[in-house]
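The values are calculated or read from the model by the stated rules, or taken from the named source; none is laboratory data. Quick caveat, the model's predicted, so the values are computed rather than measured. All Cβ positions, glycine included, derive from the backbone under ideal geometry; neighbour counts span all protein chains shown. Each accessible area value is taken on the protein alone, full model and side chains, heavy atoms only, with ligands, DNA and RNA left out. Shrake-Rupley method; radii C 1.70, N 1.55, O 1.52, S 1.80 Å.
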Amino acid sequence: MIYTLLFFLLGFVVAVFCTPWVIRLSQRGIGLDYGNESRKKQEIPVPRLGGMPLMLAISIGLLVIFAVRPRNVTNWFPILVGSLLMYGLGLWDDLRPLGARKKLVGQIATALLVYSMGLNIEKFSYPGSAGSIDLGSWSLPVTVFWLIAVPNIVNLIDGFDGLAGGLGLCMSVTLGIVGLHNDQLPVACYAFTLAGALLGFLVFNFPPAKIYLGDGGAYLIGFTIAALSLISSNKGSVAKVLFVTLIALGVPILDTSFALVRRGLRGYPIFHADDEHFHHRLEKLGFSKRRILFGLYGICLVLCLFGLSVIWSQGGTLPIGIGVLFLLALLALRYFHYLRSWEDVRRKLLRVVGRRQLVQYALLQAQVLEIEAERCKSAQEFWAIFEHTMRRVGFVEKGESDAEYAIHVKYNGTTPWTLHAPQHKGTEVEWQRIAECFRSVYATAKQKWRA
């Protein structure tokens, strides 16, 4: 416990002293996050390079582990390389957006490299049982999926001040306790180093946030959690530790699952950002940011305790943990998605499916406009095509319809772009989603033809 406390303090001190420096660095215009989307509420640009102090802290912690126990270098080298590559990929996106496909390719390449270096899942066994299942050829896809799924889950919930950092803190402490339980002191020290760094980072990330994690920080936290859950397993046999991680990550896993289903039904790409995550729903219900955070922290803490009980009870409490997750899913469906009966489910599905074709049409038209922005020789030529496209999608001129919505779309932190939509053809929220499909190409064209 003394060693883990020292590593915790090491991570905390590094993050507390380095985060203000990163904030000052970002004030020069490096890695700033602008309120250029309707789902973003900040009024001024906020730095999104919060992964830097975290990466520095765990790197120092790992170097200390290498110095104290040199024989562990081979075992930890895959985690060090994977962390650097995953963080670098996210940092690149923070500085210059890469796009979802390029990021996914980079994540898969990183996971494949780490797998080839020996960090993998070879066997799977149920907690408390004597036997195990040899994954064989399934070892590669299962390991790669795990190493890219957890970072993306953490990244998808990183849309609220202090949320991803706080949940990452709970998870890293949990995995640190698992390491102590398994007599894996280096694992525990590494996990508590990340926990200390996250606590120090939360000093500046708690609402109102002075700095964001960014994709680099979110990917780093997620990869570290995924990798530690594998290295904590004995001889490649993933059992109790994997279940601990799955239960403890219950809130972000449920949130991500709902997001993927929601976007798939509506016809949006699965990485299309929206403002309908659990924290967004709670904020719309009138809860303050701090009450939302403490509530989600409390749920995560309870789930972490359930996860730890799986180890302490030799798998006896696993059905209870799964039952709690199922209950949380039902509550989320009822209160966040307003599904109180099968009739509500049927009605909402019919409406979503009915709008799906328009959404896909809008996304396709936005892609065409991106090509037109490159092809057109003048602003007059492009904006004529753009206006015609908006009419084809369903938007109208102001005053053209008897009852209209004024849809405001943020872009590049400037005065919002305003569109008008007829009320009888959809709700304000539905038209807002359609308008967001064109935000990127609109901002690109305004930048190209500033005059």
Quiz item: Among the candidates LEU364, LEU328, which residue alone is closer than 30 Å to HIS279 by Cβ and within 30 Å of the chain's Cα centre (by Cα)?
Solution: LEU328
Quiz item: Just to be sure, is ALA67 out of contact with any helix residue (DSSP H, G or I) (no Cβ under 9 Å at 6 or more places or on another chain) and under 24 Å from PHE17 (Cβ atoms)?
Solution: yes
Quiz prompt | region 141-189 - residue that is charged (D, E, K, R) and within 20 Å of ALA209 (Cβ to Cβ) and, of those, most open to solvent (accessible area, probe 1.4 Å) | solution = ASP158
Exercise. Identify all residues within region 1-26 that are open to solvent by 40 Å² or more (accessible area, probe 1.4 Å) and not aliphatic (A, V, I, L, M); write none if there are none.
Key: TYR3, PHE8, PHE12, PHE17, TRP21, ARG24
Quiz item: Among the listed residues LEU363, LEU328, LEU303, LEU296, which satisfies the condition of being under 25 Å from GLY426 (Cα atoms), assigned to a helix (DSSP H, G or I) and modelled with pLDDT of 80 or more?
Solution: LEU363
Quiz item: Within the bounds of region 417-425, is there any residue that is farther than 15 Å from ALA362 by Cβ, open to solvent by 60 Å² or more (accessible area, probe 1.4 Å) and assigned to a loop (DSSP other than H, G, I, E, B)?
Solution: no
Practice problem: Any residue in region 359-374 that's closer than 16 Å to PHE395 by Cβ and in contact (Cβ under 8 Å) with a residue 24 or more places away in the chain: show its pairings with residues that are open to solvent by 10 Å² or more (accessible area, probe 1.4 Å) and not in a helix (DSSP H, G or I) at Cβ separation under 6 Å, as long as the two are six or more apart or on different chains. | Solution: VAL359/GLY267; ALA362/CYS437; LEU363/CYS437; ALA366/CYS437
Practice problem: Determine which single condition HIS279 fails, assuming it passes every other condition in (1) part of a loop (DSSP other than H, G, I, E, B); (2) buried (at least 18 other Cβ atoms within 10 Å of the Cβ). | Solution: (1)
Quiz item: Within region 330-338, is there a residue that is among the small types (Gly, Ala, Ser), within 13 Å of PHE438 (Cβ to Cβ) and buried (at least 18 other Cβ atoms within 10 Å of the Cβ)?
Solution: no
Quiz item: Just checking, which of ILE247, ILE225 is open to solvent by less than 30 Å² (accessible area, probe 1.4 Å), over 27 Å from LEU91 (Cα atoms) and either modelled with pLDDT under 90 or not in a loop (DSSP other than H, G, I, E, B) (or both)?
Solution: ILE247
Quiz item: Counting only residues that are open to solvent by 60 Å² or more (accessible area, probe 1.4 Å) and farther than 17 Å from ALA273 by Cβ, how many does region 428-451 have?
Solution: 7
